[in-house]
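Below you'll find the structure, written out as structure tokens, and then a few comments.
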Amino acid sequence: MKLPLLPILLLVLLAGVPLLSPPDYFMHLLITALLTAVMGTGWAMMGRFGLVSFGHGAFLGASAYTMALLWNELGITPWLGIPVGVLVAVLLGVLLGYPCFRLRVVGHYFALVTLAAGEIVRILVTALREHTGGSLGMTPNQAPPGGGFLAMQFDKAGFWWVALGAWGLALLAWWLLDRSMTSKALAAIAEDEDAAASVGIQVTREKLKITVISVAFAALAGALMAQYRMYLNPESLSGLGISLQIVFSAIAGGMYAPFGPSIGAVITIGLEEALRFGFGTEFTGGAPLVYGVLLVLFMLFLPRGIAGLLERRPQARKPAAPAVQLAE
Amino acid sequence: MDLLDPFFLEALVNGILLGGVFALPALGLNLVFGVVDVVWLCYAELVMVGMYAAWFLYTQAGWPLWAAFAVCLPLVSLLGLLLHLLVVKPLLNQPPINQVLATGGVLFVLQGAATLAFRTDFRSLGVDMPPMEVGDVFVSGTKLAAFCAALLGAAVLWAFLKFTYVGVAIRAIARDREVMPLMGVDPQRIYLIASAVGGALAGLAACLLVVQLDVHPFVGLSFGPITFMICVMGGLGNMLGGFLAAFLMGLIISVGGFWGNTEYSYVIAFLFFILTIFARPRGLFAR
């Protein structure tokens, strides 16, 4: 398989950004957008095949809190903590996904089961306040002097490269998926589950595969985000609110194109900051207000997102292009 | 364990009262879903708007409580109508998930608007009724009144669906949306009516919740998810199922809180929901 040259060139170029010594604030936005992009890309891997999850926040929280608790309570470095956290999140995803897929919980029912899972993690994190700090949040302990690398506490440039690595991995996974039988099987399942099963596609197994990959990227991004911000709280790492924000950025950018969710992440973060800057802290409700309106407008007029505008395929062939086809 | 332990009985009574509060929004959501076939993800936020309206009119504008409630109901009903006309109707021919996500957008809009208008402070109505003592069990007067009002609302809804011409048409559309237009029922008109009634139920729920909970822009997230789960447990669109499931959830949360604490009882309720879906994917009371 020949890797496409253009995206690799892009990655190399992006890796050089810190060398231009841009202002800290600008780097902060870039890192946040990139990590949001990884979450959205992970979500869209499932979402574009009709597996709409309203609970991806649960996976961010599961890995971020696992990582932070391992570091704070046992002193285990995030280098180990993040893989363990991702593993915990993936286990959670399988625990939830397997019965869902096996018992054919699809459509609205699947969306609401995932929503319940997201809420469970949010409430558990809040309830275990002895360890997690509850809704006040928690901070990973500062590394001893000189131990920054081991504790994964870098400066902005360091985090930029880490985030870029995660983003590159997510895009690579997307690219490999697009060339695999799994994606073709999933497309068939999204069209008609019975028909797909009748030609020998193992529906449960294929759905589980994509769930594991999707959850792993969301979980990775969640842990990195927590580590970058050095702050964890249940609202921003689990529950319905953040789960819907991930969905929003993926949809706004367009979940069918590999770069779609990343475009969406840039829009979301850019919008949030622009509103914060333009209106100050008085306008705290402004960001959700505006992106709520945008989400409605996208659904009404541009259900395939920004990336949908760039698609070469003639739009006329599919009159009511779905943002997702619910497997029902 | 003594089942006649007054604290346990109190937990049981509170569970039933809590179920009554969950029942109204669950009925409204189920009505809209059963008729229009769209899940209003922002349903709890409609309730939140109603709560703010009642709070504002009562504490800020100095209206009497009954007048504030009397305005709150039609206001949220109107909001339901607008939601249908502006957001849901243009998306009726689109895949269900587009509709759900659009109403999710409305959720953000309402939360954002509430934050802008009232900040994130917790607002309380400051109305309380004295508790009543029945045997050894104390029952909060406010909760009991809210429960009775909820039952009354449900009964009115039932009578409306059962005995009026429009009610019968609504039930018929929910049963078969292809045949009913052939019988001379205009589905668009029925959708409008169902959305208005769904909104009115949210308005009534708002009146009953505002006396028990503090209002803040994110209050919807505290009872919204559980409402969806109740509807799914009862079977989406199945009004009676949702009504019964509301009491089941109320009991689980209240009795769970009696043995452990309230937070874990919510975890138990959500787990129970997930297991129910695995056992009966179309709802507990699916035929």
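The values are calculated or read from the model by the stated rules, or taken from the named source; none is laboratory data. Note that the structure is a prediction, hence the values are computed from the model and not measured. Glycine also receives a Cβ, built like all others from the backbone with ideal geometry; neighbour counts cover every protein chain displayed.
A residue that is closer than 17 Å to B:Trp40 by Cα, of a type outside the set (Lys, Arg) and more than 7 Å from every other protein chain (Cβ to nearest Cβ) can be found somewhere in segment B:110-117. Every residue in segment B:31-40 that is at pLDDT below 90 and in contact with a Gly (Cβ under 6 Å, 6 or more places away or on another chain), please. Listed by number, the residues that qualify are B:Phe33, B:Gly34. Counting only helices (runs of 4 or more DSSP H) that fall entirely inside segment A:152-213 and contain at least 2 residues that are within 17 Å of the chain's Cα centre (by Cα), closer than 30 Å to A:Pro23 by Cβ and at pLDDT 90 or above, the qualifying elements are A:156-178. Would you say A:Glu119 is of a type in the set (Asp, Glu), in a helix (DSSP H, G or I) and within 11 Å of another protein chain (Cβ to nearest Cβ)? For A:Glu119, the condition - of a type in the set (Asp, Glu), in a helix (DSSP H, G or I) and within 11 Å of another protein chain (Cβ to nearest Cβ) - is met. Scanning segment B:171-204 for residues that are hydrophobic (A, V, I, L, M, F, W, C) and in contact with a Ser or Thr (Cβ under 9 Å, 6 or more places away or on another chain) gives B:Ala196, B:Val197, B:Ala200, B:Leu201, B:Ala202.
Of the residues making up segment A:214-253, those that are of a type outside the set (A, V, I, L, M, F, W, C) and either within 13 Å of chain B (Cβ to nearest Cβ) or within 14 Å of the chain's Cα centre (by Cα) (or both) are A:Ser214, A:Gly222, A:Pro234, A:Glu235, A:Ser236, A:Ser238, A:Gly239, A:Gly241, A:Ser243, A:Gln245, A:Ser249, A:Gly253. Residues that are exposed (fewer than 14 other Cβ atoms within 10 Å of the Cβ), more than 14 Å from chain A (Cβ to nearest Cβ) and at pLDDT 85 or above do occur in segment B:189-209, at least one of them.
Quick grid of which residues meet (1) surrounded by fewer than 23 Cβ atoms within 10 Å (Cβ to Cβ); (2) under 30 Å from A:Thr77 (Cβ atoms); (3) touching a strand residue (DSSP E or B) at 6+ places or on another chain (Cβ under 9 Å); (4) not aliphatic (A, V, I, L, M):
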residue: A:Leu164; (1), (2), (3), (4): yes, yes, no, no
residue: A:Ala173; (1), (2), (3), (4): yes, yes, no, no
residue: A:Ser183; (1), (2), (3), (4): yes, no, no, yes
residue: A:Ala197; (1), (2), (3), (4): yes, no, no, no
residue: A:Thr204; (1), (2), (3), (4): yes, no, no, yes
residue: A:Gln227; (1), (2), (3), (4): no, yes, no, yes
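What are the residues in segment A:18-39 that are part of a helix (DSSP H, G or I) and without any contact (Cβ under 8 Å) to a residue 12 or more places away in the chain, if any? Residues satisfying the conditions are A:Leu19, A:Leu20, A:Tyr25, A:Phe26.
When B:His216 is tested against the conditions (1) within 14 Å of chain A (Cβ to nearest Cβ); (2) surrounded by 24 or more Cβ atoms within 10 Å (Cβ to Cβ); (3) over 15 Å from the mean Cα position of the chain (by Cα), the lone failure is (2). For segment B:83-109, a residue qualifies if it is surrounded by 15 or more Cβ atoms within 10 Å (Cβ to Cβ), more than 8 Å from chain A (Cβ to nearest Cβ) and out of contact with any helix residue (DSSP H, G or I) (no Cβ under 7 Å at 6 or more places or on another chain), and exactly one does: B:Lys89. For B:Ile226, indicate whether it is over 12 Å from the mean Cα position of the chain (by Cα), within 14 Å of another protein chain (Cβ to nearest Cβ) and either assigned to a helix (DSSP H, G or I) or modelled with pLDDT of 85 or more (or both). For B:Ile226, the condition - over 12 Å from the mean Cα position of the chain (by Cα), within 14 Å of another protein chain (Cβ to nearest Cβ) and either assigned to a helix (DSSP H, G or I) or modelled with pLDDT of 85 or more (or both) - is not met. In the set B:Gly50, B:Gly34, only one residue is closer than 30 Å to A:Gly47 by Cβ, out of contact with any strand residue (DSSP E or B) (no Cβ under 6 Å at 6 or more places or on another chain) and part of a helix (DSSP H, G or I); that residue is B:Gly34. The lone criterion from (1) surrounded by fewer than 16 Cβ atoms within 10 Å (Cβ to Cβ); (2) more than 14 Å from chain B (Cβ to nearest Cβ) left unmet by A:Ala68 is number (1).
Filtered by the rule that a residue be under 22 Å from B:Pro64 (Cα atoms) and surrounded by fewer than 12 Cβ atoms within 10 Å (Cβ to Cβ), segment B:129-143 gives a lone residue, B:Pro130.
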